[in-house]
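Structure, as structure tokens:
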Amino acid sequence: MSNQPADKKFKKWLDILQQESWQLELIISGFAIYGLFMVIDPIELAAQQAENDNNVYTTLLYQGLEISWYIITINLIAHVILRGLWIGAIGLRYVSGEIDYDRLNYSPKFNRHLQKRVGSFDNYVAQLEKYCSVVFAVTFLLVFYLLGLLVITFCFVLMALWMEKDDTPEWVGDWVVTPLIIFLSVGMVLTFIDFVTQGWLKRKKWTTIVYYPFYWVFKFLTLSFLYRPMVYNFLDTKFGKRLSWLVVPIYLGLTILAGTGFSTSNYLRKEFNTNEYSAGKANYVDELDEDIYFVDRASIPSKVITDPFLNVFVVYGSTVEDDVFYFNKELEPEEDRRGIFSVFSEGHLGWQQLSEGTRDYLSTLEDMYTLSVDSLDFKPEFVFALNRRNQIGYETFLDLEQVASGRHTLHVRRKDHRRDSVYTRTVIRIPFWYFPDRQSVRPTNNAND
């Protein structure tokens, strides 16, 4: 009984705060939108770098951040627009009060229709207030839904990588990983059904027995324990239930709309991969910019080469080291250190092993790769290097003394294997033009000079 006055005071404070919450919503939305537009470029760049490095974990993280950015930005902009309309409606109500349909002097048919469909101006203001508050709350609910989905996806990826590791015992895959994958798969389906049906699995006794163990685990995996009160408060009204049915179709429609475009050619497009007939910006160092930040597979300095040599940089790929180990068994370490490592371990071999194996590693790479200008083959002499975009790879220089002026194509090929079959595949073809600068051409050996 002694807590009742405090409870009443707290509820009264909440009622006052509820009436004034629009100010907080606008402040938060304004600062959030400003901050969101400031961070999208670093997020997209980090996502590209993670994808370029084939880092599955970081790629998932930044892709989730990108999707969250779009959800929050779209919702908050919609919220600010609705709040602006709401503020305008309140100001108009102060000036002209309610809608006077009689003064509009419309026909009886239109008068009845407008009074039925439009109603009073106060109801319109109340509806706008409800939409604004719900849009603001749904924004962060959707982000939490997405975070939960990312956590579950991360669990699947982690278990798949665990099974692929060579040092994982077979019994771990059969008796630990496989049952966990089955449990997560069934739980994910049941959780989705419960979400779509707005809690149908929680209403029946026989479904409760089956669903409760999955629900108990997934409330942690989906982080629902952080936002469940908001969800249940949202679904206990007709308006909330109706809106929840519309959320998914709305975002699917926005996704489809964002993927629409206009094509001017059946054969040409602005985004294309570099090959013998097309020159993409991602393979010429002097054309890398904010839109095309990372090198794609390999690069040369420019489309036009004037020096008597050609600098070739080959980007390190995640599967290259597996092929190096296949063609040179002695380089394969006892413990594969690739993947996640911590401060208590290292992601590479010790300095002594690195110094002993680096030369053999490069020699194996040189045997695997063939660089050609048209039909003229070169044996590469690689060194490990970082390019201007901080991508790791290996580079070499090709002597163009025997190459004529004009258009040429650099072919980058390497040996690969499928099971026990070895074959050579083309990594990339990069077209370029060679017009040597006469002042940089080597002088001929002449005894009279």
- request: Please report, in Å, the Rg and the Dmax of the range 42-196, where both are computed over Cα atoms only.
  value: 26.0, 84
query: Computed FRET efficiency, Cβ-Cβ of K130 and F154, R0 35 Å: what is it to the nearest 0.05?
result: 0.45
task: Quantify, in whole percent, the carbon and sulfur part of the accessible surface of the chain (1.4 Å probe; protein heavy atoms only).
output: 60 percent
13 Å reach of a label modelled at V247, 7 Å along Cα-to-Cβ, counting backbone N of the range 131-159: 134-149
- line: Expected field for W245, accessible surface area in Å² at 1.4 Å probe radius, rounded to 10, holds 140 Å²
query: To the nearest 0.05, what FRET efficiency results for S318 and V285 with a Förster distance of 30 Å applied to their C-beta separation?
result: 0.85
message: On a full-extension model of 0.36 nm per residue, what is the gain between F192 and N266, subtracting their alpha-carbon distance, rounded to one decimal in nm?
response: 22.6 nm
- prompt: Across the range 414-423, in residue order, what do the Karplus-derived ³J(HN,Hα) couplings come to in whole Hz, using 6.51 cos²θ - 1.76 cosθ + 1.60 with θ = phi - 60° and x for Gly and Pro?
  reply: 8, 6, 9, 9, 10, 6, 9, 9, 9, 8
- line: GNM on the chain, Cα springs under 10 Å; top mean-square fluctuation among R117, R228, R407 goes to R117
task: Specify the inter-centroid distance of the range 382-440 and the range 268-298, based on alpha-carbon positions, in whole Å.
output: 15 Å
statement: With T = 25 °C, eta = 0.890 mPa s and Kirkwood Rh from C-alpha pairs, the Stokes-Einstein D of the range 196-243 in µm²/s is about 208 µm²/s
- request: With the cut-off at 17 Å, report for the range 49-105 the share of all Cα pairs above it, as a whole percent.
  value: 64 percent
task: Beyond 20 Å between alpha-carbons counts as too far, so tell me which of K130/K202; K8/K238; K281/K379; K270/K303; K202/K241; K303/K415 fall in that bin.
output: K130/K202; K8/K238; K281/K379; K303/K415
- prompt: So how strong a dipole does the chain carry about its Cα centre when Lys and Arg Cβ are +1 and Asp and Glu Cβ are -1, to the nearest 20 debye?
  reply: 3480 debye
field: Cα→Cβ-extended label distance, 7 Å offset, between L45 and W162, nm
entry: 3.6 nm
task: Identify the trypsin sites (Lys or Arg not before Pro) of the range 233-318 meeting these criteria: DSSP loop state and at most 11 other C-beta atoms within 10 Å of the C-beta.
output: R269, K270
- prompt: Within the chain, which is the longest segment containing none of the GluC sites (Glu not before Pro) that sit in a DSSP loop and have at most 16 other Cβ atoms within 10 Å?
  reply: 99-270
- prompt: Stokes-Einstein D for the chain at 37 °C, 0.692 mPa s, Kirkwood Rh over Cα pairs, in µm²/s?
  reply: 115 µm²/s
Calculated FRET efficiency for the pair S96/T358, C-beta based, R₀ 60 Å, to 0.05: 0.15
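Which three numbers, in whole Å and largest first, are the semi-axes of the equivalent ellipsoid of the range 96-139 derived from its Cα gyration tensor as √(5λ)?
They are 29, 11, 5 Å, listed from largest to smallest.
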statement: Log10 I(q)/I(0) at q = 0.14, 0.18 Å⁻¹ for the range 131-226, from Debye over equal alpha-carbon scatterers, is -0.64, -0.91
message: Please check: in the Gaussian network model of the chain (C-alpha springs, under 10 Å), which one of I152, I181, I256 has the largest mean-square fluctuation.
response: I256
statement: Along principal axes, largest first, the alpha-carbon spread of the range 16-97 in whole Å comes out as 62, 23, 15
Whole-number accessible area per residue in Å² for the range 59-177, which is evaluated in the context of all protein chains at 1.4 Å: 63 Å²
- prompt: How many percent of all Cα-Cα pairs in the range 165-320 sit more than 24 Å apart?
  reply: 66 percent
query: Rounded to two decimals, what ratio of Rg to Rh does the range 247-332 give with C-alpha atoms and a Kirkwood Rh?
result: 1.16
- prompt: Stretch D307-L376 to full length: gain in nm at 0.36 nm per residue minus the Cα-Cα span?
  reply: 23.1 nm
message: Taking 0.36 nm per residue of sequence separation and subtracting the Cα-Cα distance, how much length would be gained by fully extending the chain between E334 and R425, in nm to one decimal?
response: 29.9 nm
query: Gap in Å between the Cα centre of the range 20-71 and the Cα centre of the range 75-107?
result: 34 Å
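The values are calculated or read from the model by the stated rules, or taken from the named source; none is laboratory data. Everything numeric in this text was worked out from a predicted model, so none of it was measured. Here Cβ is always computed from backbone atoms with ideal geometry, including for glycine, and neighbour counts include all displayed protein chains. Each accessible area value is taken on the protein alone, full model and side chains, heavy atoms only, with ligands, DNA and RNA left out. Shrake-Rupley method; radii C 1.70, N 1.55, O 1.52, S 1.80 Å.
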